[in-house]
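Okay, structure first, notes after.
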Amino acid sequence: MMLMNLKINWHYLLNITFFALAGIELLAELFGFSFLSLVTRLLLPIVLGLLYFSVSNKNNLLFYLLLSLLLVSNVFFYYRDKPLFYFGILAFILLRIVAIIIILSGTKHNNYLQIVIASFPFLIIFFYLISVTNEITDVEFNTLILQSILISLLAGISTANYFKNENRQNSWLLISTLLFIGLRFIVFIERFIISDLTLLFNRPISVILNTFAFYTFYKFVITAEFENNNTTQ
């Protein structure tokens with residue numbers, strides 16, 4: 001009983017720490033403390049990994065890989081106007097691929113035709129945004145195409161699974177995906193549409209969306225493991 005209470009208390013403490021760090025990052029972005037923002041970005045994936053370790057009975061190595069890629073991309077994204085930024089993009093693309101693998105392995109009876117159909121509306125929207133974007137390099141164009149395909153596929157999987165089976169697992173996945181899509185729009189607008197303007201609310205909104213997107217994805221992974229474990233027993 002004491003061990004269980006200790007585990008529960010540790011879990012609550014990690015939750016509080018995670019959102020406290022997110023709050024510090026939000027304030028750091030608002031007041032321009034870039035180094036403090038970087039420190040919180042490094043700590044957040046670590047705390048989320050500890051949260052997952054404290055709850056999961058499976059300890060999926062792919063989820064730890066996803067968090068490692070998040071940490072690496074956060075470091076490189078700190079250098080926004082330097083070549084290292086593109087290594088951050090590469091790490092984040094790999095992160096998306098790992099996330100899709102985790103989702104497909106955590107959801108049963110995937111209908112791939114439904115997933116493709118559900119992905120098309122999102123793909124059309126992102127391709128339209130790319131088509132009206134001026135003055136981008138070939139590398140940026142190809143990167144945007146690949147990122148659009150991956151986020152659209154993620155959206156298609158989430159939508160198809162949610163409407164097929166409206167349970168807690170798929171609800172967490174849909175919420176996470178919608179937050180990732182919102183984050184993608186914010187980043188796209190900031191970098192390619194109003195890149196010459198500095199808007200006060202851009203970065204704070206990105207922090208909020210990013211924090212809750214990864215937290216709800218963590219909740220999806222935990223819920224999927226729990227439900228899959230119950231069905232196999």
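The values are calculated or read from the model by the stated rules, or taken from the named source; none is laboratory data. This one's a predicted model, so the numbers in the text were calculated from it and none came from an experiment. We place every Cβ from the backbone using ideal geometry, glycine too, and count neighbours over all the protein chains shown. Surface accessibility is based on the protein's heavy atoms, side chains included, excluding ligands, DNA and RNA. Shrake-Rupley method; radii C 1.70, N 1.55, O 1.52, S 1.80 Å.
Among the protein heavy atoms of the chain, carbon and sulfur supply 72% of the accessible surface, probe 1.4 Å, non-protein parts ignored. With loop membership from DSSP and a limit of 14 other Cβ atoms within 10 Å, the longest segment of the chain without GluC sites (Glu not before Pro) is 1-134.
Ignoring aspartates and glutamates fewer than eight residues from Lys108 along the same chain, the ones with Cα atoms less than 16 angstrom from its Cα are Glu166, Glu225, Glu227. Which of these values of percent of Cα pairs over 29 Å apart was calculated from the structure shown: [x] 30; [y] 33; [z] 25? Given [x] 30; [y] 33; [z] 25, the calculated one carries the label [x]. Here the extension length gained between Tyr12 and Glu166 equals 52.7 nm, from 0.36 nm per residue of separation less the Cα-Cα distance.
Computed with a 1.4 Å probe over protein heavy atoms only, the accessible surface of the chain comes to 55 Å² per residue.
Modelled spin-label separation between Ala20 and His109, with each label point placed 7 Å from Cα along the Cα-to-Cβ direction: 4.4 nm.
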